Amino acid sequence: MSSWFKKHGAIFGVMVASMSLASSPVSADSLIENVNGITLDDEGNAIRFAAMVIDDDGKVKQLLSRDDKRPRELDFQFDGEGRTLIPGFFDAHGHVMELGFAALTLDLSGTQSLEEALEKVAQYAADNPARQWIIGTGWNQEAWGLGRFPTAAELDAIVPDRPVYLSRVDGHAIWVNGTAMAAARITSATKSPDGGAIETKAGKPTGIFVDAAAGLFADVIPKPRPVERDLALAKAQEILLVNGVTAIADMGTSMQDWQSFRRAGDSGQLKVRIVAYAAGIDNMIAIAGPGPSPWLYEDHLRLAGVKLMIDGALGSRGALLKQPYADRPKESGLAMLTSAQLRNKMSRAAMDGFQTAVHAIGDKANEEVLSAIEELRLTYKGDRRWRVEHAQIVDPVDIGRFAASGTIASMQPVHQTSDRLMAEARLGPDRLHGAYAWKSLIDSDAKLAFGTDVPVESPNPFPGIAAAMTREDASGRPFGGWMPEERLARQDALHAYTSGSAYAAFAEDRFGSLEPGKRADFLLIDRDILLATPSQIKDLKVLETWIAGRPVFVQK
């Protein structure tokens, strides 16, 4: 039994029991006492408190200073022992099921060379002889310093007898072996689909399939069973809660994902709050029908809108650029949608009140989305909160268009530190202004929402906050920060990971800060985040995670 339950379990059990008595009219207020409480107001200003009263619905009832009188009648009192308490993090952009599956399959995200990755593939295949396909994620040829994509031949040398299907770290390319290509009937005559590319050499596929080309394997790769999906969801929630993520915008929810969320909700196992954005119009209609779903399971699940994609990723050269890639002058990226298709899909969503979140990484892609929003907002009035997901490379002339059109920039700070060298190679030194331009966006009055793009990056928000403040990687490079004029103030970064993300999901009346009437979703951490240095913030630890006034993770 954990030390927390040794100290508080009996009292907490009484609280739960009393709350279950439907006939009882007695208030079930709880008091979280003796904490270094921190939350932010709407302007990003810090509010400090020493105690918090939580009502029987799991909502904040009152914040108290050290001098304020405490309520006399309580069903539960918790001593925070002076530790720092902050709102739970709201990850503005993640992939819940992919996180779970990545944790349960072959993970190549930590590999530092092609040789290391091949060793892991070979070991995984040997350890799992009954698996018909070897499926994994996380490879990154940039981290390997390879200077090229890996090949099918390199996989064939170690696993020749079973199909191997490995997703790149950003999910925008796959690496397969010859057996997988044979299963999908891929030959030299196979054409690249619209919005995708088959990498070839001497006219033959090399084993790399970018963006939409990965769909060529959709009919042959094994589909997870419902029980496997539920296991992946449970694993994903476990990982998120350990990292202090109490809510997440799930970008690209399929009907199968939604069914897993609903099964967890029905059985009382949905702990993390999920705001879902359907994977395309068809999933949007199938899941929610005539309009966004209501909040379900006491504010734990909602289908808010649709996720669309106009381009690919910078690492696989799928991001759509205004000018050709500096390191491949004949290419400018992949358009996943034409301008007309983008507008039609956004209009179809907006006409029924769905929020649109459009993946746009390259400067041309961001320009296309902003132009579509400027046109559509003339027809679709009101508070739409159009979202651009990633907004990594924005032409400086387009930055002011975010605020002017009421568009939210949903960004991931750790992408900047992960992608810095690759971005320099892809764009060249003269086209980096407007890359990961957080400060320029804030200064233009644009709304920022921060996330991690998990499992592309770690779900831990603290390194992202440190990166936003310094623009230095985990090793402190480059000293002083990359394009340091784009560094953010500490509270701006924290706001974007909490209230900013909640606002971006139309959830600011429920989560994102600790104010009366909002859900009591909070963390206990090992250091004061407003006093810690960026290097200390990067290493901050979550000691406890609470949702709706109840602990869901306690560090052992």
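Below, the figures for the structure above:
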| read-out | value |
| --- | --- |
| Where labels lie 7 Å past Cα in the beta-carbon direction, separation of Glu331 and Ala153 in nm | 1.9 |
| Shape of region 98-196, Cα gyration tensor, a/c cut at 1.5 | rounded |
| Calculated P(r) tail over 17 Å for region 217-301, as whole % of Cα pairs | 50 |
| About the Cα centre, charge dipole magnitude for region 262-377 (Lys/Arg +1, Asp/Glu -1 at Cβ), debye | 220 |
| Cα-based Lys pair tally, region 131-243, threshold under 25 Å, eight or more apart or on separate chains | 4 |
| Linear extension gain, Ala46 paired with Lys69, 0.36 nm per residue minus alpha-carbon span | 6.1 nm |
| Cut-off 15 Å between beta-carbons: net charge of the residues surrounding Lys69, Lys and Arg +1, Asp and Glu -1 | -1 |
| Mean separation of Cα contacts under 8 Å (6+ apart) over length of region 357-510, as relative contact order % | 21 |
| Order of exposure, largest accessible area first, which applies to Arg328, Arg420 with probe 1.4 Å | Arg328, Arg420 |
| Cα-Cα pairs of region 454-556 separated by more than 17 Å (percent) | 60 |
| Exceeding the 28 Å Cα-Cα cut-off - candidates Lys307/Lys439; Lys381/Lys447; Lys307/Lys447; Lys307/Lys364 | none |
| Protein accessible area in region 299-417, 1.4 Å probe - carbon and sulfur % | 50 |
| Percent carbon-and-sulfur accessible area, region 499-556, ignoring ligands, DNA and RNA, probe 1.4 Å | 51 |
| Accessible surface of region 83-209 [probe 1.4 Å, protein heavy atoms]: carbon and sulfur percent | 50 |
| Dipole of region 304-436 [Lys/Arg +1, Asp/Glu -1 at C-beta], most positive-end residue of Gln355, Ile373, Val397 | Gln355 |
| Relative packing of peptides 301-310, 527-536 - highest average C-beta neighbours within 10 Å first | 301-310, 527-536 |
| DSSP-loop GluC sites (Glu not before Pro) across region 25-116, with at most 13 other Cβ within 10 angstrom | Glu43, Glu73, Glu81 |
| Shape category assigned to region 402-459 from the gyration tensor of Cα positions, a/c cut at 1.5 | oblate |
| Label-to-label distance, nm, for residues given as Tyr297 and Thr200 (7 Å Cα→Cβ offset) | 4.7 |
| Dipole magnitude of the chain, debye to nearest 20 (Cβ charges: Lys/Arg +1, Asp/Glu -1, about Cα centre) | 620 |
| Dipole in debye (nearest 20) - region 95-245, about Cα centre, beta carbon charges: Lys, Arg +1; Asp, Glu -1 | 420 |
| Cα shape, the chain, gyration tensor, a/c 1.5 rule | prolate |
| Per residue solvent-accessible surface (Å²) - region 271-368, probe of 1.4 Å | 34 |
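The values are calculated or read from the model by the stated rules, or taken from the named source; none is laboratory data. The structure presented is a predicted model; accordingly, all values stated were derived computationally and were not measured. Glycine gets a Cβ as well: all are built from the backbone with ideal geometry, and neighbour counts include every protein chain shown. Areas reflect the complete protein model, heavy atoms only, side chains present, ligands, DNA and RNA absent. Shrake-Rupley method; radii C 1.70, N 1.55, O 1.52, S 1.80 Å.
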